[in-house]
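Notes to accompany the following structure.
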């Protein structure tokens, strides 16, 4: 899914992240808490998500507020990740400049040696987020350009309302 964030200064950034689950609480993804997206989320917890399927002419746009998952939930998911991904979480200072590919690979080799037994703990700067939606818009393309658009909006009491939107 595409995640759009905006820091306090108003600069908007979008990037693709891996949706790891969704339920009544919201949509989950995991990342480095020191990354640019995490820093922007810290400054402004309002985010947008986009799912787009060009071949099907469909998209879902979600707006909401994001919060961190519990440390326990982050650890549970971290343990399920492939070993290389767990090592990479320790080796990479996500979003920070790196001098060279060799420097990054050297850091990875150090971490790989440190955790040679495969028991890689959850880094303190890594974990999950839950996007709690307050607006979800469904779009279905049509050749006539009279696309179908429906927006669900959550009220303060948690109830959802639906409205059809013009294309």
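The values are calculated or read from the model by the stated rules, or taken from the named source; none is laboratory data. Because the structure is a prediction, the values reported are computed rather than measured. Virtual Cβ from ideal backbone geometry, glycine too; neighbours counted across all protein chains shown.
Do we have residue 133 as under 29 Å from residue 50 (Cβ atoms) and at pLDDT below 95 here? Against the criterion (under 29 Å from residue 50 (Cβ atoms) and at pLDDT below 95), residue 133 does not qualify. When region 3-18 is filtered for residues that are part of a strand (DSSP E or B) and surrounded by 10 or more Cβ atoms within 10 Å (Cβ to Cβ), the ones remaining, listed by number, are 3, 4, 5, 6, 12, 13, 14, 15.
Is at least one residue of region 88-98 more than 26 Å from residue 7 (Cα to Cα) and surrounded by fewer than 12 Cβ atoms within 10 Å (Cβ to Cβ)? So far as region 88-98 goes, no, none of its residues is more than 26 Å from residue 7 (Cα to Cα) and surrounded by fewer than 12 Cβ atoms within 10 Å (Cβ to Cβ). Residue count for region 136-155 satisfying the condition of being in a strand (DSSP E or B) and either more than 17 Å from the chain's Cα centre (by Cα) or farther than 30 Å from residue 73 by Cα (or both): 11.
Return the residues of region 149-160 that are within 17 Å of residue 50 (Cβ to Cβ) and either surrounded by fewer than 15 Cβ atoms within 10 Å (Cβ to Cβ) or modelled with pLDDT under 90 (or both); say none if nothing qualifies. Within region 149-160, just 150 meets the criteria. Scanning region 103-122 for residues that are surrounded by fewer than 16 Cβ atoms within 10 Å (Cβ to Cβ), touching a residue at least 12 places away in the same chain (Cβ under 8 Å) and within 25 Å of the chain's Cα centre (by Cα) yields a single hit, 104. Considering the conditions (1) surrounded by 12 or more Cβ atoms within 10 Å (Cβ to Cβ); (2) at pLDDT 95 or above; (3) not in a helix (DSSP H, G or I), residue 42 is excluded by exactly one of them, (3).
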